[in-house]
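Asks: Before we start, here is the structure in question, set down as structure tokens.
The values are calculated or read from the model by the stated rules, or taken from the named source; none is laboratory data. The shown structure was predicted, so the numbers you read here are calculated from the model rather than taken from an experiment. All Cβ positions, even for glycine, are placed from backbone atoms using ideal geometry, and neighbour counts span all protein chains on display. Heads up: the accessible areas ignore ligands, DNA and RNA and are worked out on the full protein's heavy atoms, side chains in. Shrake-Rupley method; radii C 1.70, N 1.55, O 1.52, S 1.80 Å.
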Amino acid sequence: MNDFFSCFNSQRLTLLCAPDGGGGGTPPAQPPATPPPATPPPENTPPADEAGEEWKGWWAGQLSKETRDKHKDRLLGLKGKQLGEVFDEYFSNSDKLKEAVVFPGKDAKPEEVAAFLKRMDIPASAEGYELDAKLVPEGTDEQRGQAAAEIAAVIHRNGLTKKQGQAIFAEYAKMLGDIGRNIEAQRKEQANTFEARLLRETGGEKAAAETREYFKRALVALGDKALVEKLEKTGMLYDTSLVRAFADIWKAGNQEPPLPGGTGGSEEKKAGALPMGEEFNKRYGERRK
């Protein structure tokens, strides 16, 4: 009996301890293998048959139909370019847009307008142009400062940048200087040729000397020193036409009774009326009856 149980136990241990695939028993059942998950199609990639022939064979065919339809003309204009080139242009343009200046709209806030002006280097006031009044070629300091302020106001109204305003003012000052120099050159030329021109136009030395004398008497009679200085500065003091006209007026007025209020003169209806006389009327026409 003991031999029987010993043999039984020995056989049972042999069955339990037998290796898989051994001939001593049936191996345990294995679970079925799980198939790998299916790979989903890339997002926004349309089926191959959704894209027309014009999209096949290049990167635009991978875009969604909505994107292709929305930007069709632009996309077709990029056909033949590598995708890398397109991205390079996109990022380059994106950087440029960050630096772009946007004009404020009609509903822009004051701070937006101020920021725009600052970005454009447009001063908020005429004084902000800081024009150098010393560039003005003539005048006192006050007159030069006033001229600079007037030009700054014009520049500001036209919305120029500070750099543009200063450049224009410099050109304006240079132009004034050129005009002044031209006037001075003409004045000197008039003065240097005055005697010769007057002699030629009056027909002789005696007539020229008489014309000069009557012209000087006319200026003395006017008694306006500022007018004489202006005539001198502009060169008109040496304009033979003006000199002869003044001389003729003086002669005409002194060949008959003097001006109103003078000895032997008649009462004039208008204060400051010009003298009557055949010579005056001959030169200047019928001025009054």
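Asks: Report whether or not VAL86 is at pLDDT below 80, open to solvent by less than 90 Å² (accessible area, probe 1.4 Å) and among the hydrophobic types (A, V, I, L, M, F, W, C). Spell out how you get there, then give the answer.
Replies: Working: at pLDDT below 80: no; open to solvent by less than 90 Å² (accessible area, probe 1.4 Å): yes; among the hydrophobic types (A, V, I, L, M, F, W, C): yes.
Here the answer is no, as VAL86 does not meet what is asked.
Asks: Surrounded by 12 or more Cβ atoms within 10 Å (Cβ to Cβ) and at pLDDT 90 or above, is that true of GLU232?
Replies: Judged against the criteria, GLU232 is not a match.
Asks: Any residue in the stretch 168-180 that is closer than 22 Å to GLY253 by Cβ and either surrounded by fewer than 13 Cβ atoms within 10 Å (Cβ to Cβ) or out of contact with any Pro (no Cβ under 6 Å at 6 or more places or on another chain) (or both)? Explain how you work it out, then say what you get.
Replies: To start, the set of residues in the stretch 168-180 that are closer than 22 Å to GLY253 by Cβ comprises none.
Taking every residue of the stretch 168-180 in turn, none turns out to be closer than 22 Å to GLY253 by Cβ and either surrounded by fewer than 13 Cβ atoms within 10 Å (Cβ to Cβ) or out of contact with any Pro (no Cβ under 6 Å at 6 or more places or on another chain) (or both).
Asks: Can I ask one more? Within the stretch 133-142, can one find any residue that is in a helix (DSSP H, G or I), surrounded by 15 or more Cβ atoms within 10 Å (Cβ to Cβ) and free of Cβ contacts under 8 Å to residues at least 60 places away in the same chain? If you could, list the steps in order and put the result at the bottom.
Replies: Initially, the stretch 133-142 is screened for residues in a helix (DSSP H, G or I), giving 133-135, 141-142.
After this cut, where a residue has to be surrounded by 15 or more Cβ atoms within 10 Å (Cβ to Cβ) as well, the list is 133, 135.
From what is left, the residues that are free of Cβ contacts under 8 Å to residues at least 60 places away in the same chain are 133, 135.
There is at least one residue in the stretch 133-142 that is in a helix (DSSP H, G or I), surrounded by 15 or more Cβ atoms within 10 Å (Cβ to Cβ) and free of Cβ contacts under 8 Å to residues at least 60 places away in the same chain.
Results for (1) over 38 Å from the mean Cα position of the chain (by Cα); (2) modelled with pLDDT under 55; (3) not aliphatic (A, V, I, L, M), shown as yes or no for each residue.
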site: CYS7; (1), (2), (3): yes, yes, yes
site: ASP20; (1), (2), (3): yes, yes, yes
site: PRO40; (1), (2), (3): yes, no, yes
site: TRP58; (1), (2), (3): yes, no, yes
site: GLN62; (1), (2), (3): yes, no, yes
site: GLU66; (1), (2), (3): yes, no, yes
site: LYS81; (1), (2), (3): yes, no, yes
site: LYS96; (1), (2), (3): no, no, yes
site: LYS109; (1), (2), (3): no, no, yes
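Asks: GLU184 passes all but one of (1) touching a His at 6+ places or on another chain (Cβ under 9 Å); (2) at pLDDT below 90; which number fails?
Replies: (1)
Asks: Moving to a separate point now. Considering each of VAL113, VAL154 in turn, give the residue that is modelled with pLDDT of 80 or more, assigned to a helix (DSSP H, G or I), surrounded by 11 or more Cβ atoms within 10 Å (Cβ to Cβ) and among the β-branched types (Val, Ile, Thr).
Replies: VAL154
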